[in-house]
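Worksheet: one structure, shown below.
Each reported figure results from applying straightforward, stated rules to the coordinates on display, with no laboratory input. Just so it is clear, the structure is predicted and the values come from calculations on it, not from any experiment. We place every Cβ from the backbone using ideal geometry, glycine too, and count neighbours over all the protein chains shown.
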Amino acid sequence: MKDLTIGFIGGGNMAGALVKGMVHAGVAPAGKIWVSDVKPERLSAIAQAHGVRTTGDNHALVAACDVIVIAVKPQVIHKVLDAIAGDVEGKLLISVAAGVPVAAMEARLPSGARVVRTMPNTPATVLAGATAIAPGTHATEADLDVARTLFSAVGRVVTLEEGQIDAATGLSGSGPAYIMLVIEALADGGVKVGLHRDTALLLAAQTVYGSAKLLLETGEHPGRLKDMVTSPGGTAIAGLHTLESGGLRRTMIDAVEAATHRAIELGEQQARKMGA
């Protein structure tokens, strides 16, 4: 991986997080990372923060790099792909553009283009993300290894078939919004029973963070960890009874399902816009 030169088309929050993670984890030296963007102030900030190379010319970036990360908004990805299509032979393209199917990207690239589609989430910006990756038609296992290494610098990575990416979007892609609502609701509960807002929010956020860390580091089933807190006739079972009575479990399942269905709809719309 350190022998590869990595380029980011788009210098927004996700690109910045990936650059930060790569440099800090030693995935690639700063001198082998390029970033292009239409906003000079973004390029100046990312160069100053991480010492990477920057350019306003996507063609120059593609020519210099082995791996191209397309980190632009879905609405403009077709313009970016059209502009660089003649330059990408032999390059690996990794897309972080939400909702853009592989087929829609491949349709605008030369035959045989190697594409990996990804679905990161916003905690990647603090190096604690969850990213799903899926290979395009011509992507190799080595290409997937590159994508895994890159996104492992900002969190955890799972490899899926592309048909599962919408489900990952509904769960982990949209999931931070659900968890923020849960944290906010827990803090509201703390305020209702007498805690100051700042204290309640800190306790709620740290409890969610610590619980997730406990689950990931122990590998225990969440039900078992739940039962470890739940004493007969105690406080936790009283709270759990209220949550189950309110349909929390069903509501969370329904939320993931609804978000997945919406992701499918948006992907179909994006494919039509791109002529795939």
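I'd like the FRET efficiency for LEU266 and ALA85, computed as 1/(1 + (r/R0)^6) with the beta carbon distance as r and R0 of 22 Å, rounded to 0.05.
The value I calculate is 0.40.
Do you know the relative contact order of the chain, to the nearest whole percent, from alpha carbon pairs under 8 angstrom that are 6+ apart?
16 percent
For ASP145 and SER245, FRET efficiency with R0 = 45 Å and r from the beta-carbon atoms, rounded to 0.05?
Between SER245 and ASP145 the formula returns 0.45.
Out of the DSSP beta bridges found with both residues in the chain, what percent are antiparallel (nearest 5)?
15 percent
Please determine, in degrees from 0 to 90 and to the nearest 10, the orientation of helix 141-152 with respect to the longest principal axis defined by the Cα atoms of the chain, where the helix direction is its Cα long axis.
The angle comes out near 50 degrees.
Report for region 6-166 the percent antiparallel among DSSP-assigned beta bridges with both residues inside it, nearest 5.
That works out to approximately 15 percent antiparallel.
Where the centre of each part is set by its Cα atoms, how far does region 104-123 sit from region 181-230, in angstrom?
Region 104-123 and region 181-230 have Cα centres spaced 37 Å from each other.
Just the ratio, please: alpha-carbon radius of gyration of the chain over 2.2 N^0.38 Å, N its number of residues.
Cα Rg divided by the expected 2.2 N^0.38 Å: 1.14.
Taking R0 as 22 Å, what FRET efficiency do you get between LEU214 and ILE253 from their Cβ-Cβ distance, rounded to the nearest 0.05?
0.45
So, in the chain, how many Lys pairs have Cα atoms under 18 Å apart, if the pair is 8 or more places apart or on different chains?
Total qualifying Lys-Lys pairs in the chain comes to 10.
Note down the net charge around THR230, summing +1 for each Lys or Arg and -1 for each Asp or Glu among other residues with Cβ under 13 Å from its Cβ.
In short, 0.
Tally Lys/Arg at +1 and Asp/Glu at -1 over every other residue whose Cβ is under 11 Å from the Cβ of ILE46; what's the total?
Within the 11 Å Cβ shell, the charges total +2.
Measuring from label point to label point, each 7 Å out along Cα→Cβ, what is the ALA205 to HIS221 span in nm?
With each label point 7 Å from Cα toward Cβ, the separation is 3.3 nm.
Which distance in nm do the two modelled labels at LEU195 and ALA103 give, with both placed 7 Å along the Cα-to-Cβ direction?
With each label placed 7 Å out from Cα toward Cβ, I get 4.9 nm.
To the nearest 10 degrees, how steeply does helix 175-192 sit against the main Cα axis of the chain, on a 0 to 90 scale?
Between helix and principal axis, roughly 30 degrees.
Quick check: the angle from helix 13-25's long axis to the longest principal axis of the chain, C-alpha only, nearest 10 degrees?
Between the helix axis and the principal axis of the chain, the angle is about 90 degrees.
State the extension gain, in nm to one decimal, for the chain segment bounded by THR230 and LYS273, taking 0.36 nm per residue of separation less the distance between their alpha-carbons.
In short, 10.3 nm is gained.
What does the charge add up to near GLU217, with Lys and Arg as +1, Asp and Glu as -1, over the other residues with Cβ less than 15 Å from its Cβ?
In short, +2.
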